[in-house]
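Each value in this text was obtained by applying a stated rule to the coordinates, not by laboratory testing. Predicted, not measured: the structure shown is a model, and the values here were computed from it. Cβ atoms come from the backbone with ideal geometry, glycine included; neighbour counts cover every protein chain shown.
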Amino acid sequence: MLSEGNHVNLTESFHDVSLSGGSILKEILANIGSGVVVFDLERRRVLFKNFTAENSEEHIRVLSDAMKSLADDEEQLIPKRPVEFFDAESGLWFDIKFSRLQWTDDEEVVLISSSDTTLKKKNSTRNAFQAQNDFLTGLFNRMKCEIDLKKAIEQTEKNKQAGAVLFIDLDNFKNINDSLGHDYGDALLKEIGIALQGIMGLRQHCYRMGGDEFVAIVTPENYGLLKKILTNISFAFNKPWFLLDSEVYCTMSMGVVKFPEQGKEVNELIKKADIAMYHAKKAGKNRYNFYRESKGDVSYRRLEVESNMRQAVEGSCEEFVVFYQPIVSTRTNRCTGCESLVRWNSKALGFMAPGDFIPLAEYLGLIVDIGDFVLETACLQCKEWNDTFDKNFSVNVNLSVVQLLQQNVVSHIKNIILGTGVNPKNITLEITENLAINDIDRVKNIISGLKEMGVKIALDDFGTGYSSLNYIKQLDFDIIKIDKSFVDEILTDDYEKAFVKMIVDLSQQIGAKVCVEGVEEEAQYLLLQSLHADSIQGYYFSKPVPSIEFERKFLHG
Ligand code: C2E
Ligand code: CA
Ligand code: CA
C-alpha cells in the first residue's frame, strides 16, 4: 500500500516515453478531447499523458485524483464501470474509465481516461425537465401528475389522511382558438396556468394533461383547504382573462374526486374526476361537481356505457344498427326518401336509443367511427333501393359537429360516399344548427366542399339553436328541417304557425326546401301542407324502422 505523503503528483511525475508509432499517434491522442494517462501502479509512475494546453488543467486534476484513489485503495481494484467525477474548481463533470493493458516493456499498467460529460449531464437534466413539464404553460405534465398522485395516495393510506384530484376542462376553448386564433389560445392556457399556481394550496400541484385539460392535486397537507381551493378556482374563471390586447371570458367545468376514499389507483382517480367533470358539463358547464359513488349511480353507468361503447366500436361497429324513418312529400303524399337513424343493440346493455349514447360518443370522439359506419351503411342501402325500386329515392344521414371538425372531413366523407357507388345526389347530409356559429367561414368551406360532389345539405333541428336567419342565408343549405318543438302546438299556437310560415317563405327566397319533423297527427300534416312545407317526417307516417320493414312498408308498390 502507498503511504501518506507518497501520493502521486501527476504534474511532477510526468515522464514521456516514446510510443511505437511515435508522434502521429501522440498527435491523435492529443486531439481526442479526452484526457488519457497510462499509469504504472506498481511503481507509481505516469508513463504517458496526452494533455494539451486547453484541456490540461481540469483533466490533470481529475486524473490525478483518480490515480490517487486507485493507488490509495488497498486492493487496487480497477473499477469495471466508468466513475463519475465532479471537478469543483471548474464546475465540470467527468467520466473516468480504467482499463488494464500490457505496456511496451510487458509490464501491466493501467490506462485511465477522462471525458468531459458536463454537456451530456446538462442535457439529461433538461430532458428530465422536459419529460415532466408542459413547455407551453410551464406546469407539470401528465406523467409528473401520475407520479405525484401515486405518492400522495400512498401517503394518505399510510397516515390515514385524505386528498383530492380536481379535473378541469375549459368550456369554450375551441371557440377562442377558432375565433381569435392560436396565439390567444396559447396565451389563455398560460394565464390559466399562472392563475392555478397562484391559488393557495395548489402551488407545485398543477398539471396540464393536454389540450385544455388541467388537473390539480390537493395533497393531504392542503386537504383542509379543499373548499377554499374550489371557490378560488371558480372565482378565477368567473373573471375575464386579459389576453394580449383583449378581455376574453372562458369558464371551466371541474370534477372532484377524493382519495383514498373513492379510489386508490392513479388512473381510476383521474378517470373518476373526469367523469365528475363530464357531469358538471352536462349540468350546464361553468361549475364543479363531486364524484358520487353508489351502485347504479350515473357515474357507474357512464363508465359501463363508455367501456362497452369502446369495445363495440373496436368490434367494427357490428352492434350498431341503422333504422330508417320515411320522409313524405306534401305535394304527392308519397314517401320520397328517409332519414337514417342509428341504434345500438348492445349485448351487454341492451337496446340503446341514440339519445342515450350519442352525446357520450361525441364527447369521447367515438362518434367519428360510428358516424362513418352509419354513412357507409346508409349509402349502400340507398344504392340498393335506387337500383331495385326508385332511382330518385334519397337517404338522409346525420353528421355530428365532432365529425365536421375533423381534419380533411370533406375528402374523408367523399371517399366513403363514392366508395359505396351510390349516386351522391340521392344523399342528404344533415348538419345541426348548433355548429360553431363563430366559425362561419370554415363551415362555409366544408359545406361547399361537400356539395361539390353532388350531395345535398340539410340544416337539422332548425329553431332550437341560436342561428339567425342571416346565418341560414349565408350558408348554401338545400333543405331546412324545422324542429319538432315547432309542431307540437302548431294547431293552437299562432306563434308556431307564423314561424313555420316565415321559414317556408324565406326558404323559397333562398331556394331551399322545408322539411318539418315530429308530425304526429293528421291535422298537423294538413296544416303544414296548407303552409306549403315541402316534406314531412314523423310518427304520423312511421317511427324509424329496420331496413327490411322500411322496404316492405314504403318501397314495395
Ligand atoms: P334528429 O336527427 O332530430 O332525428 C329525429 C329524431 O326525432 C329521431 O329520434 C326520431 O325518431 C324522432 N322523431 C321523428 N318523428 C317523431 C315524432 O313524430 N314524434 C317524436 N316524439 N319523435 C319523432 P332518434 O332516432 O331517437 O334520434 C335522436 C337524435 O339522435 C337525432 O335527432 C340525432 O340528433 C341523433 N342521431 C340519430 N342517429 C344519428 C347518427 O347516425 N349520427 C348522428 N351524429 N346523430 C344521430
Ligand atoms: Ca337529423
Ligand atoms: Ca332533427
If the limit is 23 Å between Cα atoms, which of Lys80/Lys121; Lys160/Lys285; Lys160/Lys258; Lys239/Lys272 go over it?
-> Lys160/Lys285; Lys239/Lys272
Determine the principal axes of the Cα atoms in the stretch 342-494, then give the extent along each, sorted from largest to smallest and rounded to whole angstroms.
-> 43, 41, 35
For the stretch 327-387, which trypsin sites (Lys or Arg not before Pro) are in a loop by DSSP, counting at most 13 other Cβ atoms within 10 Å?
-> Arg331, Arg334, Lys347
Have a look at Asn133, Tyr363, Asn267 and report the one farthest towards the positive end of the charge dipole of the chain, computed about the Cα centre with Cβ charges (Lys/Arg +1, Asp/Glu -1).
-> Tyr363
Show which lysines lie in cross-link reach of Lys501 when reach means a straight Cα distance below 29 angstrom and same-chain residues fewer than eight apart are skipped.
-> Lys425, Lys444, Lys451, Lys456, Lys473, Lys481, Lys484, Lys513, Lys543
For the chain, with +1 on Lys and Arg beta carbons and -1 on Asp and Glu, the positive-most of Ile168, Ile447, Ser535 along the dipole = Ser535
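Where the only charges are on Cβ atoms (+1 Lys, Arg; -1 Asp, Glu), what is the dipole of the chain about its Cα centre, to the nearest 20 debye?
Working: 62 positive and 82 negative charges, 229 e Å.
Dipole of the chain, to the nearest 20 debye: 1100 debye.
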Positive-end residue of Phe86, Gln76, Ser99, charge dipole of the stretch 62-106 with Cβ unit charges | Ser99
Asn445 and Met502 label points (each 7 Å along its Cα→Cβ direction) are spaced in nm at 3.3 nm
Which peptide among 491-501, 304-314 comes first, and what is the full order, when sorted by highest mean count of other Cβ atoms within 10 Å?
-> 304-314, 491-501
16 Å Cα-Cα reach of Lys347 towards aspartates and glutamates, excluding residues that sit fewer than 8 places from it in its own chain | Glu304, Glu306, Glu314, Glu318, Glu319, Asp356
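So what is the 222 nm mean residue ellipticity for the chain from helices alone, if each DSSP H run of at least 4 adds -39500 (n - 2.57) and you divide by all residues, rounding to the nearest 500 deg cm²/dmol?
Numbers: 19 runs with 231 residues, N = 557.
Taken over the chain, the calculation gives -13000 deg cm²/dmol.
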Size of charge dipole - the stretch 82-202 - debye, nearest 20, with Cβ of Lys, Arg +1 and Asp, Glu -1, no other charges | 560 debye
